[in-house]
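A.B. asks: Have a look at this one.
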Amino acid sequence: MESSEHASKGLEEGVLLTNDNFNGPKDLKDDDDGDLKKNSGDEIERESWGAKMDYMLSMIGYCVGLGNVWRFPYLCYANGGGAFLIPYLLMLTLAGIPLFYMESALGQYASLGSISVWKALPIIKGVGYAMVTISTLVAIYYNMIIAWSLYFLFASFSSVLPWHHCGHWWNTPECMESSAVANRTNTTANFSRISPSEEYFHNRVLKYTDSIDDTGAISWELALCLLLSWIIVFFCLIKGVKSSGKVVYFTATFPYVVLIILLIRGLLLPGARDGIIYYIKPDFTKLLTSQIWYDGASQVFYSLGVAWGGILTMASYNKFNNNCYRDAIIVPLCNSGTSIFAGFVIFSYIGYMAHELKVDVGKVVAKGPGLAFIAYPEALTLMPISPLWAFLFFFMLLTLGLDSEFVTIETVITALSDEYPALLRRYKVAVLLVACIVMFLLGLPFCTQAGIYWVTLMDTYSAGFTLLIASFIMAIGISYVYGVRRLSANIKEMVGFEPNWYFKACWMVISPLMVLFIFIVSLVEYQPPTYDGNTYPAWAAGLGLAMAFTSIIMIPLFGILAVFRQEGTLIEKVRAACRPEPDWGPAHVRAQLDEKEAINQSQKLAVDRIPLQNP
């Protein structure tokens, strides 16, 4: 092992000990659970995954979320069926997997969260703060969707599903049951109706008003469901990745069990074949439009969680020599495979519903909350033992949502704990408790009668083009300022080999261009948010843009701070802010340097305590 002075020099240069000097786990000071022992001071040691499978299931659970079930199938149907897979898989190959690899490699190399990891490149440390801000905003409203799932889950405990029939106090004269639709005499193409499931969601669960201006009252039922969802999140994360890593053995695998059961049952239903044909029938003329390429790229980008901070955070708890290259292939492929598989499940039931209602599949297909809480629940009412199938479906939605929420919250807590370890790491449970309480209180407006408008507003602006800007700056900064050669050397130090030319080409050229393409199209195609035909007032759209810029402003703000904290002329300051900080590097090297510093300090104190001899 080289001297600490050599290690310190390597830290300053950004490339640490080579493979000849690093012999894997035996150089690390691990305890039985794989955590670094304390070497000096009172700083609390950083936890790590209990097992490799904990990390893999957590990452798969994080990437495979509600969007795989309610967004991908609709995008595939709307963009030419099977033809959509061409841009989708191409974008996955050229942007999704390379950027996933970049993030996971950075996090694993330094064992630091999404803020502190930018010791590698201080001038873009604001990207880390932007990631934390985005994750915080998303966590607040995402748990409301989990609360809706809990509400429907509890409502499924009945002999007859409450959204099966009309005639309840929340129904209107326009409500038309499935049996009435199937037996109707009006077969015109422009036939429309309001289903019992739609009125149940809008008039019973949400009790929504006509505008975001009309807040209305808080629903205590939704507030209790929201509270319960935050309680679940808190107790599952109370021991960090040690506890969440065990919970995901159920929450990450259960959705696959339910999807398989639902697919087997769905394929046996009449009309299922028609629904699946609608889903996969290719229309290659769509490839000539920009929309299909934008939808394919955005679906890959958002479903993988690039630039959210979750990939960095979860990888930071890995062993130093974990094969992050293999992980960067497996996790994105599992995510995409799940999306495609979920489409077969969803459209088998959509086809069955269209068959029973005697309408075209296009009349019943929906996306987002409309699919999860209106269209699919109605399809379940047409099946025997419908409460059982409803329970399975909404329990699946619950587990899908919780996995993503776990990582999103852990991203925020880890980032703060790593950035201020002496202050916060010792009290990580208290920080988690305060964060859950504050986010619950901030989520109470979602429980009002205007709650759906607030959820839609935050969904539109909190993680839209802000993610694209953060990921573009991250890709450019790491590729051209930190350097692909340096990153490749870091990866070789961990796994024993450098990334091939494909990854280097994607990092430097292809992936940034893909992100820039999505950003430009999103600006061109921008439309103010609406819900159920109700437009938002100007003040609401302005508030949404302000919320988006809250995260974006972090990038130039902390970039300027990083420059002016340096010494010398302006040019020298900028150059210094574009170099890694002196303590940038693997955790085991930082621990060795801390240990040496502690020894030197103790020796100095010992010398100071030696009494002076009288002459």
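The rows are residues; the columns are (1) loosely packed, with under 11 Cβ neighbours inside 10 Å; (2) more than 23 Å from T460 (Cβ to Cβ); (3) in contact with an Asp or Glu (Cβ under 6 Å, 6 or more places away or on another chain); (4) not β-branched (V, I, T).
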site	(1), (2), (3), (4)
T530	no, no, no, no
G533	yes, no, no, yes
A541	no, no, no, yes
I553	no, no, no, no
I560	no, yes, no, no
Q566	no, yes, no, yes
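A.B. asks: Let me ask you something else. Would you point out which residue out of D283, D360, D327 is among the charged types (D, E, K, R) and under 25 Å from the mean Cα position of the chain (by Cα)?
C.D. replies: Details: D283 fails: under 25 Å from the mean Cα position of the chain (by Cα); D360 fails: under 25 Å from the mean Cα position of the chain (by Cα).
That would be D327, the only listed residue that is among the charged types (D, E, K, R) and under 25 Å from the mean Cα position of the chain (by Cα).
A.B. asks: Are any residues in the stretch 142-167 among the hydroxyl-bearing types (S, T, Y), in a helix (DSSP H, G or I), open to solvent by 10 Å² or more (accessible area, probe 1.4 Å) and farther than 30 Å from I478 by Cβ, and if so, which ones?
C.D. replies: Listed by number, the list holds a single entry, Y151.
A.B. asks: Follow-up. When you look at P98, is it at pLDDT 95 or above, under 30 Å from P282 (Cα atoms), open to solvent by less than 10 Å² (accessible area, probe 1.4 Å) and assigned to a helix (DSSP H, G or I), yes or no?
C.D. replies: Yes.
A.B. asks: Follow-up. Those residues that are under 25 Å from S404 (Cα atoms), modelled with pLDDT of 50 or more and in a loop (DSSP other than H, G, I, E, B), I need them from the stretch 32-60; list them, please.
C.D. replies: Once the filter is applied, which keeps residues that are under 25 Å from S404 (Cα atoms), modelled with pLDDT of 50 or more and in a loop (DSSP other than H, G, I, E, B), the stretch 32-60 yields R46, E47, S48, W49, G50, A51.
A.B. asks: Is it the case that Y526 is modelled with pLDDT under 95, open to solvent by less than 40 Å² (accessible area, probe 1.4 Å) and of a type in the set (S, T, Y)?
C.D. replies: Criteria not met by Y526.
A.B. asks: Right, something else. For the stretch 502-516, indicate whether the set of residues that are farther than 20 Å from L468 by Cβ, touching a residue at least 60 places away in the same chain (Cβ under 8 Å) and crowded, with 18+ Cβ neighbours inside 10 Å is non-empty.
C.D. replies: Yes, some residue in the stretch 502-516 is farther than 20 Å from L468 by Cβ, touching a residue at least 60 places away in the same chain (Cβ under 8 Å) and crowded, with 18+ Cβ neighbours inside 10 Å.
A.B. asks: Which of (1) in contact (Cβ under 8 Å) with a residue 40 or more places away in the chain; (2) in a helix (DSSP H, G or I); (3) not hydroxyl-bearing (S, T, Y) does V359 not meet, given it meets every other one?
C.D. replies: Of (1) in contact (Cβ under 8 Å) with a residue 40 or more places away in the chain; (2) in a helix (DSSP H, G or I); (3) not hydroxyl-bearing (S, T, Y), only one is false for V359: (2).
A.B. asks: Would you list the helices (runs of 4 or more DSSP H) that sit entirely within the stretch 366-467 and hold 1 or more residues that are polar (S, T, N, Q), touching a Leu at 6+ places or on another chain (Cβ under 7 Å) and touching a residue at least 60 places away in the same chain (Cβ under 8 Å)?
C.D. replies: Because the criterion is at least 1 residues that are polar (S, T, N, Q), touching a Leu at 6+ places or on another chain (Cβ under 7 Å) and touching a residue at least 60 places away in the same chain (Cβ under 8 Å), the helices (runs of 4 or more DSSP H) in the stretch 366-467 that meet it are 376-381, 386-419.
A.B. asks: May I ask you to list the residues in the stretch 460-497 that are in contact with an Asp or Glu (Cβ under 9 Å, 6 or more places away or on another chain) and over 22 Å from P122 (Cα atoms)?
C.D. replies: K492
A.B. asks: Could you list, in sequence order, the residues of the stretch 250-262 that are under 17 Å from L66 (Cα atoms), open to solvent by 30 Å² or more (accessible area, probe 1.4 Å) and not in a loop (DSSP other than H, G, I, E, B)?
C.D. replies: Listed by number, the residues that qualify are F250, F254, Y256, V257, I260.
A.B. asks: Further, regarding this structure: Conditions: (1) modelled with pLDDT of 95 or more; (2) in a helix (DSSP H, G or I). S179 meets all but one. Number of the miss?
C.D. replies: Condition not satisfied by S179: (1).
A.B. asks: Of the conditions (1) at pLDDT below 90; (2) open to solvent by 40 Å² or more (accessible area, probe 1.4 Å), A372 clears all except one; give me its number.
C.D. replies: The number of the failed condition is (2).
A.B. asks: So for the stretch 321-332 (the condition being among the β-branched types (V, I, T), open to solvent by 30 Å² or more (accessible area, probe 1.4 Å) and under 22 Å from A95 (Cβ atoms)), does at least one residue qualify?
C.D. replies: Filtering the stretch 321-332 down to residues among the β-branched types (V, I, T) leaves 329-331.
If we keep only those that are open to solvent by 30 Å² or more (accessible area, probe 1.4 Å) too, we end up with 329-330.
Add one more test, that the residue is under 22 Å from A95 (Cβ atoms), and what stays is 329-330.
The answer is yes, given that some residue of the stretch 321-332 is among the β-branched types (V, I, T), open to solvent by 30 Å² or more (accessible area, probe 1.4 Å) and under 22 Å from A95 (Cβ atoms).
A quick yes/no check of all residues on (1) within 20 Å of A450 (Cα to Cα); (2) in contact with a strand residue (DSSP E or B) (Cβ under 9 Å, 6 or more places away or on another chain); (3) at pLDDT 95 or above; (4) open to solvent by 20 Å² or more (accessible area, probe 1.4 Å):
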residue: T185; (1), (2), (3), (4): no, no, no, yes
residue: T188; (1), (2), (3), (4): no, no, no, yes
residue: F191; (1), (2), (3), (4): no, no, no, yes
residue: P196; (1), (2), (3), (4): no, yes, no, no
residue: Y200; (1), (2), (3), (4): yes, no, yes, no
residue: D213; (1), (2), (3), (4): yes, no, no, yes
residue: L228; (1), (2), (3), (4): no, no, yes, yes
residue: V233; (1), (2), (3), (4): no, no, yes, no
residue: V247; (1), (2), (3), (4): no, no, no, yes
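The values are calculated or read from the model by the stated rules, or taken from the named source; none is laboratory data. If you're wondering where the values come from, they're calculated on a predicted model, not measured in any experiment. Note that each Cβ is placed from the backbone with ideal geometry, even for glycine, and that neighbours are counted across all protein chains shown. Note: areas computed on protein heavy atoms with side chains; ligands, DNA, RNA excluded. Shrake-Rupley method; radii C 1.70, N 1.55, O 1.52, S 1.80 Å.
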